[in-house]
Each structure stands twice: as structure tokens, then as C-alpha cells.
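Student: Shown below is the structure under consideration.
The values are calculated or read from the model by the stated rules, or taken from the named source; none is laboratory data. Because the structure is predicted, anything quoted here is derived from the model rather than measured. Backbone-built Cβ (ideal geometry, glycine too); neighbour counts: all protein chains shown. Heads up: the accessible areas ignore ligands, DNA and RNA and are worked out on the full protein's heavy atoms, side chains in. Shrake-Rupley method; radii C 1.70, N 1.55, O 1.52, S 1.80 Å.
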Amino acid sequence: MTTRRGPQRGAPRQGRRISYDPASGQAWRTGVVLLPDEAAKVIKAAELSNISVAGLLGELIQRMEIDAAGRPLWAHELRKQEELPKAG
């Protein structure tokens, strides 16, 4: 078994904010890392939709429902880190 280093998968990177400026008019290139089952699912969905993976992800983002703050409506379902009990 190998030990994993670095931030927990899916967690935001501490101290490193995204610096992309949409006003630049430039497309944003991101290095998305997917688990094998996620990759297989998105590849199949894109192929069956006759679009690229980037096109599929863009379409999903356009259709994603968000609240007034811009947070996805499903975000509340993610497990929040529980506070550890205090010693003493």
C-alpha cells in the first residue's frame, strides 16, 4: 500500500487561489485529475453525446444549478469536516 502525499482529493488547495481572469477573454486550461471510474463515465458520456470531454464538462457547468452566492445547490450534501473533541 502506498501512502498518498499532498492535499486530500477534492479539497481546495490551501493558500493557492485560482488566478484566472475571465475578463481576459482567454480560455482557461485546467489539469483535472479523475479516478478511473469517473474518467470512464465522462468519456462514454461525451462519446455518446458526440461531443468532446471539454464540451461535455462545459455543458454540465452551464446547466449546473447554483444559489444566489454561486454555490452549487448540491454542495450542502458534501461532508463537512467535523470538529475533533478537545482534550482535557
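Student: Would you kindly derive the ³J(HN,Hα) couplings of the stretch 51-58 from the backbone phi angles with the Karplus curve 6.51 cos²θ - 1.76 cosθ + 1.60 (θ = phi - 60°), listing them in order in whole Hz, with x for Gly and Pro?
Tutor: Here the 3J(HN,Hα) series is 9, 6, 4, 4, x, 5, 5, x Hz.
Student: Okay, next question. Excluding ligands and nucleic acids, what accessible area in Å² is computed for GLU59 using a 1.4 Å probe, to the nearest 10?
Tutor: Accessible area of GLU59: about 80 Å².
Student: Which shape class applies to the stretch 17-67: rounded if a/c is under 1.5, otherwise prolate when a/b exceeds b/c and oblate if not, where a ≥ b ≥ c are the square roots of the Cα gyration tensor eigenvalues?
Tutor: It is prolate, given that a/c is not under 1.5 and a/b is the larger ratio.
Student: Using R₀ = 22 Å, calculate the FRET efficiency as 1/(1 + (r/R₀)^6) where r is the Cβ-Cβ separation of ALA68 and ILE18; round to 0.05.
Tutor: After rounding, the FRET efficiency stands at 0.55.
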